[in-house]
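The values are calculated or read from the model by the stated rules, or taken from the named source; none is laboratory data. It should be emphasised that the depicted structure is a prediction, and the values quoted were computed from it without experimental measurement. Note: ideal-geometry Cβ built from the backbone for every residue, glycine included; neighbour counts use all protein chains shown.
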């Protein structure tokens, strides 16, 4: 596959040995061309061969990309693509340091930004607050849909987790209500506002079995939740957002009001009355509860003014 580096900044070692070896695993010349463009752009930005770049160069370039993103010149996914490609190439060189006789000072400095990008990618596609409000207003007459949307938005549960919820998955401690959802290792905290919505829904439910059922009394599937989103976004006159985007908006809201990454990652809530109660016990001092106290945007029960 002929797709050689074309910048004069590339050393012979980089252009004639490392780059050809690196691109051997690509199945498409288009992919190689994409990597070449971003690698050469980074070298042009730094004014030096890739093998001579350091941590300061990587940090300056990352900040440059983020500034362009903030000015809507680049999208989130474009920034992520560029950094991931540079991370991949630098990692390949670092792993083969001995083969190419690379100086010890050279490192994959782009790995420092990967965790930041992953967090930002999870937040990508969140829904504007005014559209969330319109969605809940549209669903006021359907208590099940309203409760499902509450679990997505205020609890950050996934469609799969919601479909699999059983009433017995909820437990009340002295410091609040928690739910053990899906394959999560720790219970999720249930914010007070979501609790009130859930309690209304539970007033009309049996005391055991799945929390949500279809018209035949069977467990919901995730497509049912997708159809609810399609129906009520259309009714609300807003774009056809997905359940995943509504879930993402929970994390976005927490970040917006100052919750840290760890607090946000562990937050997921709801609430309940028909559940097992553990009197005199608290489920640890928890950051999830504190994170929720930062959030000013609450979900009210349907019809509440």
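What the table below lists for this structure:
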{"quantity": "Residues satisfying the stated conditions in segment 8-51, i.e. at pLDDT 95 or above, outside any helix (DSSP H, G or I) and surrounded by 14 or more Cβ atoms within 10 Å (Cβ to Cβ)", "calculated": "9, 10, 11, 48, 49"}
{"quantity": "Residue match in segment 222-229 (condition: surrounded by fewer than 12 Cβ atoms within 10 Å (Cβ to Cβ) and not in a helix (DSSP H, G or I))", "calculated": "no"}
{"quantity": "Residues located in segment 131-157, provided they are part of a loop (DSSP other than H, G, I, E, B) and crowded, with 20+ Cβ neighbours inside 10 Å", "calculated": "139, 156, 157"}
{"quantity": "Qualifying residues in segment 52-76 (those that are over 23 Å from the mean Cα position of the chain (by Cα) and surrounded by 18 or more Cβ atoms within 10 Å (Cβ to Cβ)) - the one farthest from residue 12 (Cα to Cα)", "calculated": "61"}
{"quantity": "Of the criteria (1) modelled with pLDDT of 85 or more; (2) touching a helix residue (DSSP H, G or I) at 6+ places or on another chain (Cβ under 9 Å); (3) within 30 Å of residue 56 (Cα to Cα), which one residue 105 fails", "calculated": "(2)"}
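Matching residues to (1) in contact with a strand residue (DSSP E or B) (Cβ under 9 Å, 6 or more places away or on another chain); (2) surrounded by 14 or more Cβ atoms within 10 Å (Cβ to Cβ); (3) not in a loop (DSSP other than H, G, I, E, B):
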| site | (1), (2), (3) |
| --- | --- |
| 182 | no, yes, no |
| 185 | no, no, no |
| 189 | yes, yes, yes |
| 197 | no, yes, yes |
| 204 | no, no, no |
| 208 | yes, no, no |
| 216 | no, no, no |
